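*Asks:* Before I ask anything, let me first share the structure, which is written out below as structure tokens.
The values are calculated or read from the model by the stated rules, or taken from the named source; none is laboratory data. Just so it is clear, the model here is predicted, and its values are computed rather than measured. So basically every Cβ, Gly included, is an ideal-geometry build from the backbone, and we count neighbours across all protein chains shown. These accessible areas exclude ligands, DNA and RNA; they are computed on the full protein's heavy atoms, side chains included. Shrake-Rupley method; radii C 1.70, N 1.55, O 1.52, S 1.80 Å.
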Amino acid sequence: MSMECDKKTAPIGVFDSGVGGLTVVREITRQLPHENIVYFGDTARVPYGSKSKSNIIRFSEQIIRFLKTKQVKAIVIACNTASALALDAVRDEFDLPIIGVIVPGARAAVEATQNGEIGVVGTDATVKSGTYTKVIRQMDPHMHVREKACPLFVPLVEEGFKEHVVTEEVIEYYLESLKNTNIDAMILGCTHYPLLRSKIRAYMGDKIQIVNPAYETAMDLKRLLQNEKMENDGTEGVSSRYEFYVSDAAEKFVDFANTVMPFDISKANIVNIEEY
């Protein structure tokens with residue numbers, strides 16, 4: 001079997017702090033239906049948004065070392081916090097293509113806004129890093145960016161409260177200040193947030209375009225694989241394999257994953273990630 005052929009059938013590694021990254025996996029399976037995927041959700045250490053930069057980098061390095069044991073050909077950091085704080089560090093350290101979710105989301109927002117006023121919601125760590133503002137202004141210095149940390153959104157999603165009235169109250173509490181500005185595009189700057197999208201949209205109203213970086217990231221991954229001649233075009237005739245790994249609470253992860261993904265996930269394997 002030629003190396004070229006190996007590369008095409010090798011899986012894509014995708015990781016996140018928990019279940020949020022499944023919103024990215026969902027888009028990858030739509031845009032790249034023939035690709036095999038290995039997903040890791042760091043459920044023992046979720047949420048990432050309240051952790052320090054040095055810890056986020058350490059977590060990301062451990063996860064990438066684990067994913068490399070699965071012979072992945074590329075890695076998607078399906079976590080805004082890790083994309084903001086660890087992407088540069090791990091790109092320097094590992095010799096395979098790694099993409100994050102921030103650049104694709106920023107680009108989509110710059111294209112979506114009519115008036116140059118962009119809102120970003122994310123975790124504490126993502127917002128403190130200022131990465132979205134920096135990336136957006138590199139693309140277009142005239143953009144005005146307002147970032148807002150919404151630390152309770154991730155635990156609400158992880159604990160299954162997305163349909164609960166308490167979530168509507170938390171959305172109003174965090175987003176009232178953004179609603180009273182003239183932003184016309186808003187980035188869901190955390191991969192958990194698309195799971196609250198309909199509630200966020202209902203609160204923010206129709207005048208605001210909501211940008212989900214998951215779709216844009218899947219499209220970036222597709223371009224990357226095509227450029228590197230690594231895209232799995234399905235000529236091998238094997239149907240796609242999806243493997244799911246977590247650092248804790250596998251049953252809870254599987255239950256939740258089945259509310260997010262369009263196909264059935266039967267199990268997730270537990271990995272002692274501190275060993276990597």
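*Asks:* Using a 10 angstrom cutoff on alpha carbons, build the Gaussian network for the chain and name the most mobile of 131, 217, 181.
*Replies:* The residue that fluctuates most here is 181.
*Asks:* Another question, if that's okay. Distances longer than 23 Å among the Cα atoms of the range 1-91: what percent of all pairs is that?
*Replies:* When every Cα pair of the range 1-91 is considered, 23 percent fall beyond 23 Å.
*Asks:* Using unit Cβ charges (K, R positive; D, E negative) and no other charged atoms, how large, in debye to the nearest 20, is the dipole of the chain about its Cα centre?
*Replies:* In total the dipole reaches around 320 debye.
*Asks:* Ok, one more. May I ask which residue of 100, 130, 210 lies farthest towards the positive end of the charge dipole of the chain, with charges of +1 (Lys, Arg) and -1 (Asp, Glu) on Cβ and the Cα centre as origin?
*Replies:* Checking the options against the dipole of the chain, the answer is 130.
*Asks:* At a 1.4 Å probe radius, carbon and sulfur cover how many percent of the accessible area of the range 86-228?
*Replies:* Summing carbon and sulfur atoms, their accessible area is 48 percent of the total for the range 86-228.
*Asks:* Any chance you could list P(r) for the range 74-204, counting all Cα-Cα pairs in 5 angstrom bins from zero, rounded to whole %?
*Replies:* All Cα pairs considered, the percentages come to 2, 11, 21, 22, 20, 14, 7, 3, 1, 0.
*Asks:* Report, in order of residue number, the helices in the chain meeting two criteria: a C-alpha extent of 18 Å or more along the helix axis, and a mean Kyte-Doolittle hydropathy of at least -0.5; treat each whole DSSP H run as one helix.
*Replies:* Helices meeting the span and hydropathy rule in the chain are 53-68, 80-93, 165-179.
*Asks:* Further question: Give the Rg (one decimal place) followed by the Dmax (whole number) of the range 206-253, computed from C-alpha coordinates and expressed in Å.
*Replies:* Using the Cα atoms of the range 206-253, the pair Rg, Dmax is 16.5, 46 Å.
*Asks:* Which residues' amide hydrogens lie under 5 Å from the amide hydrogen of residue 100, considering only partners 5 or more residues apart or on another chain, with H built in the peptide plane?
*Replies:* 77
*Asks:* Taking the solvent-accessible surface of protein heavy atoms with a 1.4 Å probe, what is the per residue accessible area of the range 206-259 in Å²?
*Replies:* Accessible area per residue: 54 Å².
*Asks:* How many angstrom lie between the C-alpha centres of the range 1-74 and the range 92-162?
*Replies:* 19 Å
*Asks:* Looking only at 144, 192, 164, which one moves most when the chain is put into a Gaussian network model with springs between Cα atoms under 10 Å?
*Replies:* Looking only at 144, 192, 164, the largest GNM fluctuation is found for 164.
*Asks:* Averaged over all directions, how much area does the convex hull of the C-alpha atoms of the chain cover when projected, in nm²?
*Replies:* Hull-based average projected area comes out at 14.0 nm².
*Asks:* Right, something else. Comparing 266, 60, 17, which has the greatest mean-square fluctuation in the GNM of the chain with Cα pairs linked when under 10 Å apart?
*Replies:* 266
*Asks:* Expressed as a rounded percentage, what relative contact order does the chain have, with Cα pairs under 8 Å and six or more residues apart?
*Replies:* Reported relative contact order: 28 percent.
*Asks:* Send over a whole-number figure in Å² for the accessible area per residue of the range 35-191, probe 1.4 Å.
*Replies:* Per residue, the range 35-191 has 40 Å² of solvent-accessible surface.
*Asks:* Okay, next question. For the range 134-210, build the convex hull from the C-alpha positions and give me its volume per residue in Å³.
*Replies:* Hull volume over Cα atoms, normalised by residue count, gives 92 Å³.
*Asks:* Right, here's the next one. Shape of the range 137-276 from its Cα gyration tensor (a ≥ b ≥ c, root eigenvalues): rounded if a/c is under 1.5, otherwise prolate when a/b > b/c, or oblate?
*Replies:* oblate
*Asks:* State whether the range 90-130 is rounded, prolate or oblate according to the following rule on the C-alpha gyration tensor (a ≥ b ≥ c being the square roots of its eigenvalues): a/c under 1.5 gives rounded; otherwise a/b larger than b/c gives prolate, and the remaining case gives oblate.
*Replies:* Here the range 90-130 falls in the oblate category.
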